[in-house]
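This report concerns only the one structure given below.
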Amino acid sequence: MKIPYVDLGKEYESIKEEILDSIESVLSKGGFILGEEVQKFENAISREVGTKFAVGVNSGTDALILTLRACGIGKGDEVITVANSFIATVAAIEMVQATPVLVDVLENQNINYELIEENITRKTKAIIPVHLGGRPAQMDKINEIADKYNLVVIEDCSQAIKAKFMSKNVGTFGLAGCFSLHPLKNLGAYGDAGVIVTSDKKLYEELILLRNHGLKNRNECDLWGYNSRLDEIQAAILNVKLKYLEKWTQHRRENARYYIDNLKELPIVLPVESEDEYAVYHAFVIQTSYRDELQEHLLDKGIDAKVHYPIPIHQQDAAHKRFKSQSLPITEKQTSQILSLPVNPTLDKIHLDLIIAEIKKFINCKLEVVK
Ligand SMILES: *Cc1c(COP(=O)(O)O)cnc(C)c1O
């Protein structure tokens, strides 16, 4: 039996007719840019997350770039974030010509809020916490610091749609929440897509301009902007998939619970939720010093476990100049120990049982050797 990390084909099979109908409906109406499907999706997602507004854009990366731009963040400004995210979090800061400042993380892979304050300078303008793998960052502490220093908080919610911290949805803590709707995310289009949520009217109005060339109507341009619109076909697909998101999220959480119940006796670090946390398990990340061997063992058995991410951002060639001498000990240690097990909602118990059995076999064998 082969167990892929994700199986988007299988997911599609389960909703095929509705998806094809939704695409057909857009094609027969003949409107492809900024129409009623996008409007419908923006209304639905802001209701889902609990903000007043939502702005559909081209990608999660653009969601971050446009939000930074709309907040007036640019050259000479510093933005605090983490090095263990997908590269786009830091790339977005670089793309607006601001300076990323990278902070180490906690055992749960999210920003270590205790290290934020010492990294704040007179140039600091914003913090971008990333809810990595679908686990919410410590938003109470982060907002407290942001309030004290008058900083903007922009949440990178790309991996965490529907995750909650202290019973409140991620995306509602900061000035804005940025979501990627890339096919591989928990709510994914069939191409690139993203959305920004906010309850700030001024920010919303600025984002509406920025995503569409700064045009306030067909002919008049208020400011220089981008071509970064969510298109109607992707929005129609997202409107179908959004109906299933709660069910799929529950399935991810059940898979995670099953892993935890069955692996908790082993000497590996498991992603167990804290009391304040409601995780959506975009990734189910275990940590073990035998990571490379375990990954290889699983691959041998046809199980595709992945590393998110194998090179932390401060060690990427693109970042070399800026972060050459920076050391982030926890981030670096985790980079060599993290392994994401398949956890997506197309998996059945048989798949999970097989993965669990192989992990147990491998780890117990290691323990024998150590004895
Ligand atoms: C996927 C992702 C992004 C970028 O999203 P795109 O839609 O691929 O541009 C940004 N941040 C994080 C944490 C992500 O996982």
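Laboratory data are not the source of any read-out in this text; all were calculated from the coordinates shown. Bear in mind that the values here come from a model prediction, so they are computed numbers and not experimental data. In this analysis, Cβ positions are derived from the backbone assuming ideal geometry, glycine residues included, and neighbour counts consider all displayed protein chains.
Only counting other Cβ atoms within 10 Å, I'd like F32, F86, F179 sorted with the fewest neighbours first.
Ordered from fewest to most neighbouring Cβ atoms within 10 Å, F32, F86, F179 come out as F32, F86, F179.
List the trypsin sites (Lys or Arg not before Pro) in the range 105-174 that DSSP assigns to loop (not H, G, I, E or B) and whose Cβ has at most 14 other Cβ atoms within 10 Å. Which are they?
Working: sites: R122, K123, K125, K141, K148, K162, K164, K168; in loops: R122, K123, K162.
Here the sparse-neighbourhood loop sites are R122, K123.
Under 25 Å between alpha carbons, and skipping anything fewer than 8 positions from K301 in its own chain: which lysines qualify?
Of all the lysines, those that pass the test against K301 - Cα under 25 Å, at least 8 places apart if same chain - are K2, K10, K264, K349, K360, K361, K366.
Which of the aspartates and glutamates could a cross-linker span from K162 if the Cα-Cα distance has to be under 18 Å and same-chain partners fewer than 8 positions apart are dropped?
E42, E48, D140, E246, E254, E273, E275, D276, E277
Would you mind classifying the range 145-186 by shape? Square roots of the alpha carbon gyration tensor eigenvalues, ordered a ≥ b ≥ c; an a/c under 1.5 is rounded, otherwise it is prolate if a/b is larger than b/c and oblate if not.
Oblate.
Scaled to the compact-protein estimate 2.2 N^0.38 Å, what is the alpha-carbon radius of gyration of the range 138-277, rounded to two decimal places?
Scaled against compact globular proteins, the figure is 1.29.
What is the chain by shape, rounded, prolate or oblate, if you read a ≥ b ≥ c off the alpha carbon gyration tensor as root eigenvalues and call it rounded for a/c under 1.5, prolate for a/b larger than b/c, and oblate otherwise? Each step should come with its number before you reach the end.
Details: a/c = 2.04, a/b = 1.24, b/c = 1.64.
Oblate, because a/c is 1.5 or more while a/b does not exceed b/c.
Indicate the gyration tensor shape class of the range 264-355 (rounded, prolate or oblate), computed on the Cα atoms with a ≥ b ≥ c the square roots of the eigenvalues: a/c under 1.5 is rounded; otherwise a/b larger than b/c is prolate and the rest oblate.
prolate
Sum up the charges of everything whose Cβ sits under 12 Å from the Cβ of V57, counting Lys and Arg as +1 and Asp and Glu as -1, but leave V57 out.
-1
Where in the chain are the DSSP H helices whose alpha-carbon span along the long axis reaches 30 Å or more and whose Kyte-Doolittle mean is at least -1.0?
Passing helices, by number: 349-370.
Run the numbers for A357 and L215: contour at 0.36 nm per residue of separation, minus the present Cα-Cα distance, in nm.
So the chain would gain 45.4 nm between A357 and L215.
Using DSSP to call loops (not H, G, I, E or B), can you name the chymotrypsin sites (Phe, Trp or Tyr not before Pro) in the range 224-327 whose Cβ has at most 12 other Cβ atoms within 10 angstrom? All intermediate terms of the calculation are to be shown ahead of the outcome.
On the way: sites: W224, Y226, Y244, W248, Y258, Y259, Y278, Y281, F284, Y290, F323; in loops: W224, Y226, Y244, Y281, Y290.
When the chymotrypsin sites (Phe, Trp or Tyr not before Pro) of the range 224-327 are filtered for loop state and at most 12 Cβ neighbours within 10 Å, W224 remain.
May I ask you to list the trypsin sites (Lys or Arg not before Pro) in the range 50-94 that are in a DSSP loop and have at most 16 other Cβ atoms within 10 Å of their Cβ?
K52, K75
Size of the range 63-222 along its principal axes in angstrom, Cα-based, largest extent first?
51, 38, 27
Relative contact order for the chain using alpha-carbon pairs under 8 Å, separation at least 6, rounded to a whole percent?
Details: 718 pairs, mean separation 79.1, N = 371.
For the chain, the relative contact order is 21 percent.
Would you list, by chain and number, the lysines whose Cα falls below 26 Å from the Cα of K123, excluding same-chain residues fewer than 8 positions away?
Cα-Cα hits under 26 Å: K75, K141, K148, K201, K202, K321, K324.
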